[in-house]
Amino acid sequence: MVRTQLMLCGGTGCHANDSQAFHKALQKELERQGLAEEIKIIETGCNGFCAVGPVMLVQPEGIFYQKLRPEDVPHLVEEHFLKGRPVQKLLYVQPASKETIPIMAQIPFFAHQTFWVMRNKGIIDPEVIDEYIARDGYFAAAKALKEMTPEQIIEEIKISGLRGRGGAGFPTGLKWEFARRSPGQDKYVLCNADEGDPGAFMDRSVLEADPHVVLEGMIIAARAIDAHKGYIYARTEYPLAIRRLGIAIKQAREYGLLGTDILGSGFDFDIDIYQGAGAFVCGEETALMRSIEGRRGMPRPRPPFPAIQGLWEKPTILNNVESLANIAQIILNGGQWYASVGTESSKGTKVFALSGDVNNIGLVEVPMGTTLRTIIYDIGGGIPNKKKFKAVQLGGPSGGCIPEQLLDTPVDYEAIARVGAIMGSGGVIVMDENTCMVDMARFFMDFVQDESCGKCTPCREGTRRLLQLLEKICEGRGEAEDLDALEELSYTIKDTALCGLGQTGPNPVLSTLRYFRDEYEAHIFEKRCPAKRCVALLKFEVDEDLCTRCGVCFRNCPVEAIAWKKKEVARIDKEKCIKCMTCFEKCRFGAIF
């Protein structure tokens with residue numbers, strides 16, 4: 001008889017940290033100790049707390065273990081499962097207070113979250129359909145197919161106030177209504193799982209942890225608009241998500257939840273997976289549809305909108321993974337229930353991928369209206385190494401950098417837009433005091449320029465020119481007129497680009513100019529990088545007053561460009577120096593500038 005269940009994270013992040021080796025070692029040790037019948041290991045999807053993986057939850061005690069390694073297994077089994085004593089060194093420790101917290105629900109990272117989209121993460125085996133059904137899975141699909149009309153389904157979604165979680169924030173119910181009213185027998189339901197933003201891993205994690213919730217959302221959407229075919233467009237770089245989706249689709253077909261006459265309702269609907277080649281622009285709805293059609297993924301002008309003419313010129317709705325993951329609960333609990341959480345214009349919860357210079361990297365789900373400060377400090381645990389917060393990039397490469405004075409901005413589509421950023425799909429990249437904001441804008445512009453499909457001139461040529469100007473400034477060749485050129489060109493691209501990639505691409509430039517103009521001016525007028533990150537603007541000299549004569553720089557220089565003797569100030573030979581930044585990064589006293 002099973003007395004204990006070990007919910008071992010099996011998401012991509014934990015796999016990358018060797019969780020599978022830990023799994024094998026743990027299973028072998030349990031068998032050796034004669035505990036395999038009493039203690040069952042269940043590999044779940046992503047647990048969400050990526051910073052401390054691999055992680056494992058011991059049920060029913062609720063004990064949370066982190067940073068697990070195969071060598072920990074014998075001691076863990078001996079202490080916890082034979083003697084009943086939690087292993088202290090594997091428990092979570094709060095970064096600021098150094099307090100050990102054994103119970104997962106009490107860890108601030110989890111305690112401050114509201115799990116709706118991620119309600120099943122770390123709780124079920126994503127490859128077993130029965131576990132999803134045991135958590136009320138497919139009950140909403142049954143209700144939609146057998147108890148509700150398409151109009152009633154759409155009305156509940158409209159009442160809920162759900163807006164598209166892919167970035168644009170368009171009302172989901174309204175989109176479905178347009179497609180429902182469009183004439184034609186052939187209609188399509190598409191799921192956008194082509195998550196391409198740097199620092200974004202929300203959709204991938206949902207698919208790995210709970211693939212059936214997306215399938216159920218698509219079934220309900222299909223019933224609402226009377227579609228009989230669906231596609232999940234997933235980037236090929238997500239092998240684990242794609243594999244688990246394939247298993248889920250096969251299981252759903254076997255259970256009569258996909259295919260013909262679903263649940264005896266007379267309604268037919270099936271889903272296939274289409275793997276994208278990793279083009280960022282294919283996250284744009286019309287480019288995605290062209291890619292499924294076998295053509296080059298490039299946006300087309302709108303109107304007509306996809307709800308009228310989409311895939312193969314037929315009425316089509318496209319929702320992203322997170323949007324579809326909300327649908328089943330709205331149908332089960334009602335639109336009013338969903339709308340009871342959030343702000344006046346932004347309802348429900350939002351999932352964010354929190355990364356960068358923050359202690360608790362991972363997936364965060366909070367009610368709309370939660371402040372950025374709460375996400376970064378209460379959930380994220382603040383900035384590591386006692387450094388100061390500088391900015392947060394919200395909305396991916398097309399988003400904006402928000403400074404410290406605006407950290408109390410609520411997570412709300414309109415509020416975020418007012419401060420110069422966008423909600424986007426949910427990437428949140430935190431930056432500390434050592435970040436150069438000019439270089440950060442250059443990084444994102446390099447990404448946008450590289451991913452431009454090249455169809456329209458403003459995006460193809462405009463983003464390239466923006467990148468050239470930013471590179472010029474970072475290299476110490478900037479001129480006063482470059483600031484005006486950056487601004488003018490950014491607004492021109494926003495107003496004239498064909499699709500959302502180009503229209504929002506200049507946001508990192510505009511937001512950093514708005515809030516960190518002094519850094520641009522320091523680069524241009526003083527030929528100085530305040531964050532000391534732009535190599536071309538560093539002198540690589542030693543400040544004699546700050547040098548502690550420790551010799552750390554000397555011992556770490558890879559090309560022996562530093563002369564040092566005990567109790568003497570270090571000296572850098574500029575002829576030998578390759579500007580690799582090693583000495584600068586190793587010096588803990590800021591003596592190298």
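The values are calculated or read from the model by the stated rules, or taken from the named source; none is laboratory data. It should be emphasised that the depicted structure is a prediction, and the values quoted were computed from it without experimental measurement. Using ideal geometry, Cβ is built from the backbone for each residue, glycine included, and neighbour counts are taken over all protein chains shown.
Side notes on the structure shown:
- Among the conditions (1) farther than 21 Å from Ser291 by Cα; (2) in contact with a strand residue (DSSP E or B) (Cβ under 8 Å, 6 or more places away or on another chain), the only one that Ala241 does not satisfy is (1).
- Given (1) more than 21 Å from Asp125 (Cα to Cα); (2) of a type in the set (Asp, Glu); (3) part of a helix (DSSP H, G or I), index of the condition Asp197 fails: (3)
- Listed conditions (1) touching a residue at least 12 places away in the same chain (Cβ under 8 Å); (2) closer than 21 Å to Val351 by Cβ are all met by Ala417, apart from (1).
- Meets criteria (of a type in the set (Val, Ile, Thr) and not assigned by TED's automatic domain parsing to the domain that holds Ile262) for Ile101: yes
- Thr457 surrounded by fewer than 21 Cβ atoms within 10 Å (Cβ to Cβ), on the phi < 0 side of the Ramachandran plot and without any contact (Cβ under 8 Å) to a residue 60 or more places away in the chain: yes
- Hits in segment 223-234 - residues which are out of contact with any Asp or Glu (no Cβ under 9 Å at 6 or more places or on another chain) and either part of a helix (DSSP H, G or I) or over 25 Å from Glu177 (Cα atoms) (or both): Arg223
- Residue tally, condition under 22 Å from Gln309 (Cβ atoms), over 19 Å from the mean Cα position of the chain (by Cα) and either surrounded by 21 or more Cβ atoms within 10 Å (Cβ to Cβ) or aliphatic (A, V, I, L, M) (or both), over segment 158-172: 1
- Scope segment 514-528; condition in contact (Cβ under 8 Å) with a residue 60 or more places away in the chain and not basic (Lys, Arg); matching residues: Tyr515, Phe516, Glu519, Tyr520, His523
- Inside segment 277-296, residues that are in contact with a Cys (Cβ under 8 Å, 6 or more places away or on another chain), under 13 Å from Ser452 (Cα atoms) and not in a loop (DSSP other than H, G, I, E, B) make up a count of 2.
- For segment 235-255, a residue qualifies if it is at pLDDT 95 or above, exposed (fewer than 14 other Cβ atoms within 10 Å of the Cβ) and part of a loop (DSSP other than H, G, I, E, B), but none of them does.
- Qualifying position, being free of Cβ contacts under 8 Å to residues at least 24 places away in the same chain and of a type in the set (Gly, Ala, Ser), among Ala485, Ala531, Ala497: Ala485
- Taken over segment 213-240, the criterion of being out of contact with any Leu (no Cβ under 8 Å at 6 or more places or on another chain) and either of a type in the set (Gly, Ala, Ser) or without any contact (Cβ under 8 Å) to a residue 24 or more places away in the chain (or both) is satisfied by Ala222, Ala224, Ala227, Pro239.
- Scope segment 420-454; condition in contact (Cβ under 8 Å) with a residue 12 or more places away in the chain, in a helix (DSSP H, G or I) and of a type outside the set (A, V, I, L, M, F, W, C); matching residues: Asp439, Arg442, Asp446, Gln449, Glu451
- Residues that are surrounded by fewer than 17 Cβ atoms within 10 Å (Cβ to Cβ) and acidic (Asp, Glu) within segment 271-284 comprise just one, Asp272.
- In segment 358-386, the residues that are part of a helix (DSSP H, G or I) reach residues that are surrounded by fewer than 22 Cβ atoms within 10 Å (Cβ to Cβ) with C-beta atoms within less than 6 angstrom, at least six apart or across chains, in these pairs: Leu372/Leu407; Leu372/Thr409; Arg373/Leu407; Arg373/Asp408; Asp378/His112; Ile379/His112; Pro384/Asn359.
- Identification of helices (runs of 4 or more DSSP H) wholly contained in segment 4-86 with 1 or more residues that are in contact (Cβ under 8 Å) with a residue 12 or more places away in the chain and small (Gly, Ala, Ser) yields 12-16, 19-32.
- Scanning segment 275-323 for residues that are of a type in the set (A, V, I, L, M) and under 27 Å from His212 (Cβ atoms) returns Ala277, Leu288, Met289, Ile292, Ala307, Leu311, Ile317, Leu318, Val321.
- For segment 329-368, taking the residues that are in contact with a Gly (Cβ under 6 Å, 6 or more places away or on another chain) and among the small types (Gly, Ala, Ser), the one that is surrounded by the fewest Cβ atoms within 10 Å (Cβ to Cβ) is identified as Ala339.
- The set of residues in segment 492-527 that are buried (at least 21 other Cβ atoms within 10 Å of the Cβ) and either on the phi > 0 side of the Ramachandran plot or among the charged types (D, E, K, R) (or both) contains only Glu519.
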